[in-house]
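Undergrad: Dropping a structure here in structure tokens format, bear with me for questions.
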Amino acid sequence: MNAPLLQVENLTMRFGGLIAINDLSLTARQNEITGIIGPNGAGKTTFFNCVTGFYKPTEGRLTLTPPDGGTWPLQAMQGFRIAKKARVARTFQNIRLFPGMTVLENLLVAQHNRLMAASAFSIAGLFGLKSYRKAEAEAVEKSRQWLARIGLEKSADLPAGSLPYGAQRRLEIARAMCTDPVLLCLDEPAAGLNPKESLELNDLLLDIRQTSKIGLLLIEHDMSVVMKISDHVVVLDYGARIAAGTPEQVRHDPNVIRAYLGADEDEPLPAVVAKDLGEQ
């Protein structure tokens, strides 16, 4: 079994009298894809916002333990430090590329912190010193490698906003990977994709897990994505964990059936729900 990467303990997030996350505990492991599913309003995006520092949890702990050492208490860190120091990256439900910049430039932007440090905050860059030229060349090479992996190397000089929707989704994931994360949080990456694009997304995420050896947290409503590629699935409902296990265990869990359908747990799994939950 892979080592724990993110340990969530008794996480609670309140907004006034509303409890969005209720005493949630879970573990995401290195080199695994952990799917987070649940009906609309279950608290999935709120959970991501706590992990990535957009929200400060009301209670609980989020502990990141990277494979290269150290421990990061995410609940106590500012959002930009979670990204920079703890190396947690994320994508959003809505695409947030820079549409007027080229495809290549979008990936270079993700490496801004490294380039700024190499330029001694513009001085080395201004004078074209060797250290900066080397860092810049490495950033361009990394960007081109990711463009090749997502099949967009021939589109490097096109505006990002001109790409087909599915290609923009893949570019957004590649941009996040250019930050060298140890944990990648993907918020509905398959939203709006057609079946062919969903398969391409599956292949990309499996390739990232296999070659980059990082942990992935995946929020997704498309069960054809979650159930096919996740190593572990956690199901939320009203902010609480109601089930966790392998995709096969989760799709037959009576609590999951009830949450998605409102059916009694003694009732058989209807065909439409079986299809929605990825039943073959």
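Undergrad: If VAL233 satisfies every condition in (1) at pLDDT below 90; (2) within 30 Å of PHE15 (Cβ to Cβ); (3) outside any helix (DSSP H, G or I) but one, which is the exception?
TA: Answer for VAL233: the failing condition is (1).
Undergrad: Pairs, please: C-beta under 8 Å, at least 6 apart or cross-chain, first residue free of Cβ contacts under 8 Å to residues at least 60 places away in the same chain and farther than 19 Å from ASP180 by Cβ and in segment 96-112, second surrounded by fewer than 18 Cβ atoms within 10 Å (Cβ to Cβ) and of a type in the set (Val, Ile, Thr)?
TA: Cβ pairs passing all conditions: MET101/VAL109.
Undergrad: Okay, next question. Go through segment 32-41 and give me each residue that's at pLDDT 95 or above and part of a loop (DSSP other than H, G, I, E, B).
TA: GLU32
Undergrad: Would you tally the residues in segment 137-156 being touching a residue at least 12 places away in the same chain (Cβ under 8 Å), of a type outside the set (Gly, Ala, Ser) and in a helix (DSSP H, G or I)?
TA: The total comes to 6.
Undergrad: Are any of the residues in segment 182-196 assigned to a helix (DSSP H, G or I) and surrounded by fewer than 20 Cβ atoms within 10 Å (Cβ to Cβ)? Give the steps one after another, and end with the answer.
TA: Of all residues in segment 182-196, those assigned to a helix (DSSP H, G or I) come to 195-196.
Filter again for surrounded by fewer than 20 Cβ atoms within 10 Å (Cβ to Cβ), leaving 195-196.
Yes, segment 182-196 has at least one match.
Undergrad: Another question, then. Being more than 25 Å from LEU18 (Cα to Cα) and touching a helix residue (DSSP H, G or I) at 6+ places or on another chain (Cβ under 6 Å) is the filter; apply it to segment 229-242 and report the residue that is surrounded by the fewest Cβ atoms within 10 Å (Cβ to Cβ). Walk me through it before giving the result.
TA: Initial filter on segment 229-242 (more than 25 Å from LEU18 (Cα to Cα)): 229-233.
Those still in the list that are touching a helix residue (DSSP H, G or I) at 6+ places or on another chain (Cβ under 6 Å) too: 229-230, 233.
Details: ILE229: 20, SER230: 24, VAL233: 26.
For segment 229-242, the residue satisfying everything is ILE229.
Undergrad: Oh, and also: Looking at ASP187, ASP231, ASP157, which is the one that is touching a strand residue (DSSP E or B) at 6+ places or on another chain (Cβ under 9 Å), farther than 26 Å from THR45 by Cβ and among the charged types (D, E, K, R)?
TA: None of the other options fit; the residue is ASP157.
Undergrad: Right, here's the next one. What do you reckon, is ALA174 more than 13 Å from the chain's Cα centre (by Cα), over 22 Å from GLY43 (Cβ atoms) and in contact (Cβ under 8 Å) with a residue 40 or more places away in the chain?
TA: Considered against the rule, which asks whether it is more than 13 Å from the chain's Cα centre (by Cα), over 22 Å from GLY43 (Cβ atoms) and in contact (Cβ under 8 Å) with a residue 40 or more places away in the chain, ALA174 comes out as no.
Undergrad: Considering only residues of segment 179-205 that are free of Cβ contacts under 8 Å to residues at least 40 places away in the same chain and of a type in the set (A, V, I, L, M), which is farthest from GLU138 (Cα to Cα)?
TA: LEU193
Undergrad: I would also like to ask the following. If a residue has to be among the polar types (S, T, N, Q) and either in a strand (DSSP E or B) or modelled with pLDDT under 95 (or both) to count, how many in segment 46-77 make the cut?
TA: Within segment 46-77, residues that are among the polar types (S, T, N, Q) and either in a strand (DSSP E or B) or modelled with pLDDT under 95 (or both) number 1.
Undergrad: Another one. Please verify whether THR102 is modelled with pLDDT of 95 or more, within 30 Å of ALA156 (Cα to Cα) and polar (S, T, N, Q), treating the condition exactly as stated.
TA: yes
Undergrad: Determine the pairs where a residue that is of a type in the set (D, E, K, R), located within segment 1-22, has a partner that is surrounded by 13 or more Cβ atoms within 10 Å (Cβ to Cβ) with Cβ atoms under 8 Å apart, the partner being 6 or more residues away or on another chain.
TA: Partner pairs satisfying both residue conditions: GLU9/SER25; GLU9/GLY60; GLU9/ARG61; GLU9/LEU62; GLU9/THR63; ARG14/ALA20; ARG14/THR58.
Undergrad: Further question on the same structure: When segment 202-228 is examined, which residues are found to be more than 20 Å from THR45 (Cα to Cα), within 15 Å of the chain's Cα centre (by Cα) and not charged (D, E, K, R)?
TA: Across segment 202-228, the qualifying residues are ASN202, LEU204, LEU206, ILE208, SER212, ILE214.
Yes or no, residue by residue, for (1) of a type outside the set (Phe, Trp, Tyr); (2) more than 26 Å from VAL8 (Cα to Cα); (3) at pLDDT 95 or above:
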{"residue": "ALA160", "(1), (2), (3)": "yes, yes, yes"}
{"residue": "ARG170", "(1), (2), (3)": "yes, yes, yes"}
{"residue": "PRO195", "(1), (2), (3)": "yes, yes, no"}
{"residue": "MET227", "(1), (2), (3)": "yes, no, no"}
{"residue": "GLU248", "(1), (2), (3)": "yes, no, no"}
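The values are calculated or read from the model by the stated rules, or taken from the named source; none is laboratory data. Just so we're clear, the structure is a prediction, and the values are computed from it rather than from any experiment. So basically every Cβ, Gly included, is an ideal-geometry build from the backbone, and we count neighbours across all protein chains shown.
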